[in-house]
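The values are calculated or read from the model by the stated rules, or taken from the named source; none is laboratory data. Because the structure is a prediction, the values reported are computed rather than measured. Please note: Cβ atoms are built from the backbone with ideal geometry, for glycine as well, and neighbour counts cover all protein chains shown. We work out accessible area using only protein heavy atoms, side chains counted, and drop any ligands, DNA or RNA first. Shrake-Rupley method; radii C 1.70, N 1.55, O 1.52, S 1.80 Å.
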Amino acid sequence: MKVGIVGYGSYIPKYRIKVEEIARVWGKDPEPIKRGLMVYEKSVPGPDEDTATISVEAGKNALKRGGIDPRDIGALYIGSESHPYAVKPTSTIVAEALELTPDLTCADLEFACKAGTAGIQICMGLVGSGMIKYGMAIGADTAQGAPGDALEYTAAAGGACYIIGSKRKEIIGEINDTYSFTTDTPDFWRREGRPYPKHGGRFTGEPAYFRHVINAAKGIMERIGTTPEDYDYCVFHQPNGKFYIRVAKYLGFKEEQYRDGLLTPYLGNTYSGAVPLGLSNILDRGKEGDRILAVSYGSGAGSDAFDITLTERIEEVKDRAPKTMDLLRRKEYIDYSVYLKYRRCIRV
Amino acid sequence: MVVRSWRHIKERYCLIGTRCKTCGRIFFPSRNICPYCRRRGELEDYKLSGRGKVYSYSVVHVPPKELEMIAPYVIAIVELEEGPRITTQIDCKPEEVYIGMPVEVVFRRIKEDGEEGIIHYGYKFKPVENQ
Ligand SMILES: [Zn+2]
């Protein structure tokens with residue numbers, strides 16, 4: 001059975017902090033940081049926002065675009081590494097707020113930054129086998145870097161939601177295939193009870209991000225028999241702008257193909273939200289017949305690749321909810337002390 | 001505390017009130033009896049659109065302990081399109097709010113029972129953005 005995207009929606013909190021502002025506090029020169037990461041500012045969640053609230057807003061937008069009765073959704077998976085509770089699902093909160101309950105199955109997923117795309121794959125399986133009519137997968141995070149750590153310049157907040165279905169006339173993006181590449185690679189981790197993640201420094205590059213993204217991209221293209229020229233757009237995981245552009249160029253993609261999927265320079269790394277958000281920006285701009293290659297990456301490590309073709313229905317649904325670029329442009333800058341307060345680093 | 005807030009999840013998460021089938025009036029928070037029709041009234045769940053206008057507001061500069069993080073903040077009475085008026089926080093700067101401001105519902109954290117307790121979620125409102 002053919003399965004595909006029948007609805008999508010995104011959400012980005014309105015607060016931003018500039019790399020200059022973080023660098024100022026730590027006595028660093030911002031220019032080499034901006035050049036090195038290709039990140040200029042990042043989103044910050046409000047003090048009343050978290051992965052659950054971001055997921056609900058993204059989910060509402062996906063339901064608006066899909067025009068689907070929420071009670072027809074048979075599964076909800078939320079991929080994140082910043083679930084609000086250590087024990088108690090985020091997905092039940094979101095399912096209740098989106099009025100999907102009680103006839104559905106829910107679970108929270110974790111796989112560093114690729115848990116959102118893992119949710120899409122699970123929904124594809126459930127919908128494709130006929131077990132459920134529609135499945136909803138959300139990738140969302142409110143990522144935190146330890147104050148003073150390199151991650152602090154990029155760890156951001158946001159998320160996007162995809163509804164997977166199989167009715168031909170409802171599909172806006174047919175998922176032609178998916179392929180994953182997974183190994184045990186300890187490039188980034190956080191132990192139970194510790195507030196901030198640790199990373200393997202230089203180890204996060206070659207054997208981790210690049211190896212998995214490249215192999216997943218090559219793997220899916222080999223399987224379907226495509227080359228980079230067959231795609232109108234591509235999007236990759238984007239912990240920073242530099243890794244993204246390097247991997248896109250290495251694989252043989254051109255700027256006009258990879259440009260619209262890259263949001264990190266003005267958004268930061270939204271972890272599980274990164275590829276879902278980049279893909280949503282492509283869908284906002286896409287037209288019938290456009291072909292997209294999307295490859296996520298999660299530390300630990302694995303990559304999920306998707307080959308998607310847009311249908312004529314994309315034109316009909318794209319304006320039904322706020323576009324990702326509009327959410328990115330709507331912003332309010334905060335300074336470092338307000339940032340610390342909002343991120344709950346100051347206790348009252 | 002946990003049970004009391006759990007019982008109100010439908011209201012707080014989804015803005016579900018009640019509508020009297022007899023007179024058509026809509027209530028939020030929901031009621032068990034229509035005060036106009038009394039025993040002739042018949043109430044059913046009614047989903048509110050989440051759109052409305054600021055009817056009145058106040059800026060809170062001296063908040064209760066658990067809301068210190070977000071002060072100063074705007075508390076308003078919002079008149080929903082369907083008629084009911086509800087008290088809620090508006091997510092905007094104090095200088096942005098005005099009477100008649102079009103607002104729409106958002107899902108947010110409302111408060112938490114300390115570091116170990118439950119996180120309470122529910123509705124707040126934000127200014128309607130020009131599309
Ligand atoms: Zn009545």
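Tell me, what are the semi-axes, in whole angstrom and largest first, of the equivalent ellipsoid of region A:302-347 as set by the roots of 5 times the Cα gyration tensor eigenvalues?
Details: eigenvalues 264, 69, 13 Å².
Value: 36, 19, 8 Å, ordered largest first.
Excluding B:E79 itself, calculate the net charge of residues whose Cβ lies under 12 Å from the Cβ of B:E79, where each Lys or Arg counts +1 and each Asp or Glu counts -1.
Values: positive: B:R51, B:K53, B:R85; negative: B:E81, B:E82.
Taking every other residue near B:E79 into account, the sum is +1.
Quick check: net charge around B:R40, other residues with Cβ under 14 Å of its Cβ, Lys/Arg +1 and Asp/Glu -1?
It works out to a net charge of +3.
For A:E229, A:E152, give me the order by solvent-accessible area with a 1.4 Å probe, most accessible first, ignoring ligands, DNA and RNA.
So the residues, ranked largest to smallest area, are A:E229, A:E152.
Using a Förster distance of 45 Å, how high is the FRET efficiency between A:I224 and B:I119, based on the Cβ-Cβ distance and rounded to 0.05?
0.55
Run the helix sum for chain A: -39,500 (n - 2.57) per DSSP H stretch of 4+ residues, divided by residue count, reported at 222 nm to the nearest 500 deg cm²/dmol.
Details: 13 runs with 116 residues, N = 348.
After summing the helix terms and dividing by the residues of chain A, the value is -9500 deg cm²/dmol.
Could you tell me how many degrees, from 0 to 90 and to the nearest 10, lie between the Cα long axis of helix A:211-224 and the main elongation axis, the longest principal axis, of the Cα atoms of chain A?
On a 0 to 90 degree scale, this one is about 10.
In Å², rounded to the nearest 100, what is the total accessible surface buried by chains B and A against each other with a 1.4 Å probe?
2300
Just the projected area, averaged over all directions, of the convex hull on the alpha carbon atoms of region A:176-312: how many nm²? Show your work: numbers first, answer last.
Working: hull surface 33.6 nm².
One quarter of the hull surface, i.e. the mean projection, equals 8.4 nm².
Compute the Kirkwood hydrodynamic radius of region A:1-122, taking the inverse of the mean of 1/r over all pairs of distinct Cα atoms, and give it in Å to one decimal.
16.5
Would you work out the charge dipole size for chain A about its Cα centre, treating the Cβ of every Lys and Arg as +1 and the Cβ of every Asp and Glu as -1, and quote it to the nearest 20 debye?
620
In a shell of Cβ-Cβ distance under 15 Å around A:A115, excluding A:A115 itself, what net charge do Lys and Arg (+1) and Asp and Glu (-1) give?
On the way: positive: A:K114, A:R190; negative: A:E81, A:D108, A:E110, A:D141, A:D304.
Once all neighbours under 15 Å are counted, the net charge is -3.
Taking all protein chains in place and a 1.4 Å probe, what share, in percent, of the accessible surface of region B:2-127 do carbon and sulfur account for?
Numbers: 3540 of 7260 Å².
That fraction is 49 percent.
Any idea which of B:G100, B:L48, B:C23 is furthest toward the positive side of the dipole for region B:2-127, if Lys and Arg beta-carbons carry +1 and Asp and Glu beta-carbons -1?
Checked the options; the winner is B:C23.
Please give the residues of region A:258-293, grouped as numeric ranges, whose backbone N is less than 19 Å from a label point set 7 Å along the Cα-to-Cβ vector of A:E312.
The answer is A:286-291, whose backbone nitrogens lie closer than 19 Å to the label point.
Explain nothing, just the number: dipole magnitude of region B:5-77 about its Cα centre with +1 on each Lys and Arg Cβ and -1 on each Asp and Glu Cβ, in debye rounded to the nearest 20.
It comes to approximately 460 debye.
What shape does the protein assembly as shown have by the C-alpha gyration tensor, where a ≥ b ≥ c are the square roots of the eigenvalues, rounded means a/c under 1.5, and otherwise prolate means a/b greater than b/c and oblate the rest?
It comes out oblate by the Cα gyration axes.
What ³J(HN,Hα) values, in whole Hz, does the Karplus curve 6.51 cos²θ - 1.76 cosθ + 1.60 give for region A:238-249 when θ = phi - 60°, with x put for Gly and Pro?
For region A:238-249, the Karplus curve yields 9, x, 7, x, 5, 4, 4, 5, 4, 6, 4, 5 Hz.
Can you say what percent of the DSSP beta bridges in chain A, counting only those with both residues inside, are antiparallel? Round to 5.
DSSP beta bridges in chain A are roughly 65 percent antiparallel.
Past the 21 Å Cα-Cα mark, which pairs from A:K64/A:K331; A:K60/B:K124; A:K14/B:K126; A:K114/A:K167; A:K323/B:K10; A:K254/A:K287?
Check vs 21 Å cut-off fails for A:K64/A:K331; A:K114/A:K167; A:K323/B:K10.
Ignoring ligands, DNA and RNA, what accessible area per residue does region A:148-257 give at 1.4 Å, in Å²?
Values: 5250 Å² over 110 residues.
Accessible surface, normalised per residue, equals 48 Å².
Whole number please: convex hull volume per residue, Cα atoms of region A:50-92, in Å³.
Each residue corresponds to 71 Å³ of Cα convex hull volume.
Rounded to whole Å, give me the distance from the Cα center of region A:238-274 to that of region B:46-103.
First find each Cα centre; the distance between them is then 39 Å.
Based on the Cβ-Cβ distance from A:R330 to B:V59, what FRET efficiency comes out when R0 is 22 Å, to the nearest 0.05?
For R0 = 22 Å, the calculated efficiency reads 0.50.
Taking the Cα centre of region A:176-312 as the origin, how large is its charge dipole in debye, to the nearest 20, when only Lys and Arg (+1) and Asp and Glu (-1) carry charge on their Cβ atoms?
Taking the Cα centre of region A:176-312 as origin, the dipole is about 800 debye.
Using θ = phi - 60° and the Karplus form 6.51 cos²θ - 1.76 cosθ + 1.60, what ³J(HN,Hα) does each residue of region B:3-18 get, whole Hz, x for Gly and Pro?
5, 4, 6, 4, 5, 9, 4, 4, 5, 6, 7, 10, 6, 9, x, 10
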